[in-house]
Amino acid sequence: MRSTVKGSSLQAPAKLYRIGELVRYSPFSRQTIHNYTIMGLIHEVEWTEGGHRLYDESVFERLSRIIELRKTKSLYQIRQVFGKDTSEREKRQY
């Protein structure tokens, strides 16, 4: 990763995480992270040349929200909640 120059100060690149790091820093297994990605509950932001998914720091907020929602909702219901959140955010942008 390279730093970029923005104005007169250096800008550090955003940290990207592989699935193994998400497993290390969260209570979720590799398979659960994979399943949540396939279901659309979390999203990768890039892929490595070797085909590994990379996630940005916002994935931890999303995983925290999933933990809270799992107390009272099914994964299907959580997906619906996240779909509503996304569509409401898109509406506010226009």
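Read-outs: derived from the displayed coordinates by stated rules, not from any lab. Keep in mind the model is a prediction, meaning the values are calculated, not measured. FYI the Cβ positions are ideal-geometry reconstructions off the backbone, even for glycines, and counts take in every protein chain you see.
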Fill in: Net charge, Glu68 excluded, C-beta distance under 13 Å - Lys, Arg +1, Asp, Glu -1
+4
Fill in: Order of Arg18, Arg30 under a 10 Å beta carbon neighbour criterion, fewest first
Arg30, Arg18
Worksheet item: Taking Cα pairs under 8 Å and at least six residues apart, what relative contact order does segment 13-67 come out at, in percent?
Response: 37
Discussion item. Using the basic label-point model (7 angstrom from Cα toward the beta carbon), what is the Arg62 to Trp47 distance in nanometres?
Written reply: 1.6
